[in-house]
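Asks: Handing you a structure now.
The values are calculated or read from the model by the stated rules, or taken from the named source; none is laboratory data. Since the structure is predicted, the reported quantities are computational estimates derived from the model, not experimental observations. Ideal geometry is used to build each Cβ from the backbone, glycine not excepted, and the neighbour counts take in all protein chains shown.
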Amino acid sequence: MHKLFRTTTFRLAFILMALFGAAATCSIGYIYWQTNVLLTRQLEQTIEAEIQGLAEQYHSGGMFTLARTIANRSLTPGNCLYLVTDADGQHVAGNLTSVSRDLWNSTGRVEFVYDRRGQKGTESRLALASVFRLSGGFRILVGRDIEDRRVFERVVRSAFFLGLGFMALVGLGGGWVVSRGLLTRIDAVTDASRSIMVGDLSKRVPVTGSGDEFDRLSENLNVMLERIEQLVAGMREVSDNIAHDLKTPLNRLRNRAEAALREKGTAKSYRQSLESIIEEADGLIKTFNGLLSIARLESGAASEEMEQIDGGALILDVVELYAPAAEDKGISLTALAPNGLHFMANRQLIGQALANLIDNAIKYGSDDGAGGAIEVSAARIDDDIVLTVSDSGPGIPEKDRERALMRLVRLEESRSRPGSGLGLSLVAAIARSHGGEVRLEDNKPGLRAVLSLPLKSNHNGSTGAA
């Protein structure tokens, strides 16, 4: 309960309830005050009119006429109150039998309590009257019963406090219910974060399906957590692959250097050993450069050199560059490059991505000596520019296609062919840096690598036009 009362929702509900209560108090108080003023004014005007009428009777007929008029009016049922007494205080006329001495000693407007016989016996009621002294020691009281106004005041007061108490009860109860629900959802996020902190990266924040702001926040958090899990899993796999791919060439470097030192060879043999060591070192440097390029792309460096490029011309340039390598392996390399396909991108990076896809297709898109065909194309589909490299080779099984886009992953278990396992992961990093994606699909037969880039905008906010 202590934690519940300290939640922001409960505090907000309490503050809103207090503000609404203050506003309601002021509004009801103002209405009550204005109503009371209006009723009092009307009552005073009624009494004043009554006094004016009796004054006319007194001036026209004297005390006898006044007493007779008051006696007649006293017989009429209603809230009018009258009393006329002589100099000794004896009752002369009126429906009031007696009043207190303090009241008779007063003059002008005064409130008093009088007794009246009712259905349940004698009851005390509130009245408002004016007291006058006439010649000869006579005194006259003219007033109105205002007990109904006192009842009205009691009812308003009771309704106000009961309403305020009910509002406070509902407000605090509603705040408690809302805070409890909110606290439950926050606790779920806290539990998920604690599980993640202790190493369970598969934990996700629950989504209720209501579509509210907490669900949207939970969905975004889950997307972020999934991305973090993928990155951590990628780092683990990279570490494993580095241990496999880099430890072996480093050992070969060391062994060759030790062999060259142990053997007493000629200058030619030493030169060959050094050349072999340099070749191994170049392979290591290439691998590390690939890793650094991916890291640089993931940090948002792609937006530094955005320009409008011609997709068709770029494809022709890259295909022309790789045509000799494809020809050496008996592979037909063709390009379908439409004119006028312009979009905003980093030309060097998109060229690098196409080169990697074509290079992979040449290496793995055909069996050794069996030839094959590779087709490179570009097209605009809706608001995307789609660059496709298709081959007729053995392809990649569907279960391994996502894995093939990870860093230092090589699907060839023997790892006998040259390569570092960074080509496709670099393409994926280039696509993400432009707000696009890479998909590996079945070409029936072969593999189709699809590089999809947004036409109008990229991940970093650049715009483009066709």
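Asks: Does Y82 count as assigned by TED's automatic domain parsing to the domain that holds A129, assigned to a strand (DSSP E or B) and not aliphatic (A, V, I, L, M)?
Replies: yes
A quick yes/no check of all residues on (1) touching a Cys at 6+ places or on another chain (Cβ under 6 Å); (2) modelled with pLDDT of 75 or more; (3) surrounded by 11 or more Cβ atoms within 10 Å (Cβ to Cβ); (4) not assigned by TED's automatic domain parsing to the domain that holds L426:
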position	(1), (2), (3), (4)
S218	no, yes, yes, yes
L225	no, yes, yes, yes
Q230	no, yes, yes, yes
E237	no, no, yes, yes
T248	no, no, yes, yes
K268	no, yes, no, yes
R271	no, yes, yes, yes
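Asks: Also, I was wondering about something else. Can you report the number of residues in segment 84-105 which are in contact with an Asp or Glu (Cβ under 9 Å, 6 or more places away or on another chain) and in contact (Cβ under 8 Å) with a residue 40 or more places away in the chain?
Replies: Residues flagged as in contact with an Asp or Glu (Cβ under 9 Å, 6 or more places away or on another chain) and in contact (Cβ under 8 Å) with a residue 40 or more places away in the chain within segment 84-105 amount to 1.
Yes/no matrix, rows are residues, columns are (1) within 19 Å of the chain's Cα centre (by Cα); (2) closer than 30 Å to S425 by Cα:
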site: G181; (1), (2): yes, no
site: V189; (1), (2): yes, no
site: R194; (1), (2): no, no
site: P206; (1), (2): yes, no
site: E219; (1), (2): yes, yes
site: N222; (1), (2): yes, yes
site: L225; (1), (2): yes, yes
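Asks: Which one of G171, G175, G181 is assigned to a helix (DSSP H, G or I), outside the structural domain of L12 (by TED's automatic domain parsing), closer than 30 Å to A24 by Cα and in contact with a Phe, Trp or Tyr (Cβ under 7 Å, 6 or more places away or on another chain)?
Replies: After applying the criteria, what remains is G175.
Asks: Suppose we filter A326, A353, A379 for residues that are surrounded by 16 or more Cβ atoms within 10 Å (Cβ to Cβ) and within 40 Å of the chain's Cα centre (by Cα); which single one remains?
Replies: Just one listed residue meets the conditions, A353.
Asks: Go through segment 147-166 and report how many residues are farther than 18 Å from C26 by Cα and of a type in the set (F, W, Y).
Replies: 1
Asks: Out of L128, L103, report the one residue that is at negative phi and either assigned to a strand (DSSP E or B) or within 60 Å of the chain's Cα centre (by Cα) (or both).
Replies: That would be L128, the only listed residue that is at negative phi and either assigned to a strand (DSSP E or B) or within 60 Å of the chain's Cα centre (by Cα) (or both).
Asks: Could you go through segment 106-116 and let me know if any residue there is touching a residue at least 40 places away in the same chain (Cβ under 8 Å), assigned to a loop (DSSP other than H, G, I, E, B), under 26 Å from R41 (Cα atoms) and assigned by TED's automatic domain parsing to the domain that holds F64.
Replies: no
Asks: Suppose we filter segment 157-213 for residues that are touching a residue at least 40 places away in the same chain (Cβ under 8 Å) and either more than 22 Å from I15 (Cα to Cα) or not aliphatic (A, V, I, L, M) (or both); how many remain?
Replies: Within segment 157-213, residues that are touching a residue at least 40 places away in the same chain (Cβ under 8 Å) and either more than 22 Å from I15 (Cα to Cα) or not aliphatic (A, V, I, L, M) (or both) number 8.
Asks: Of R194, R149, which residue is outside the structural domain of S218 (by TED's automatic domain parsing) and surrounded by 15 or more Cβ atoms within 10 Å (Cβ to Cβ)?
Replies: The conditions single out R149.
Asks: A further question on this structure: Please count how many residues of segment 131-167 are under 22 Å from F64 (Cα atoms) and assigned to a strand (DSSP E or B).
Replies: Number of matching residues: 8.
Asks: Only one of these is assigned by TED's automatic domain parsing to the domain that holds D391, of a type outside the set (D, E, K, R), out of contact with any Lys or Arg (no Cβ under 8 Å at 6 or more places or on another chain) and under 23 Å from I396 (Cβ atoms): L321, L354. Name it.
Replies: L354
Asks: For the list (1) over 19 Å from L43 (Cβ atoms); (2) among the polar types (S, T, N, Q); (3) buried (at least 16 other Cβ atoms within 10 Å of the Cβ), I need the number of the one condition that S98 fails.
Replies: So S98 meets the others, but not (3).
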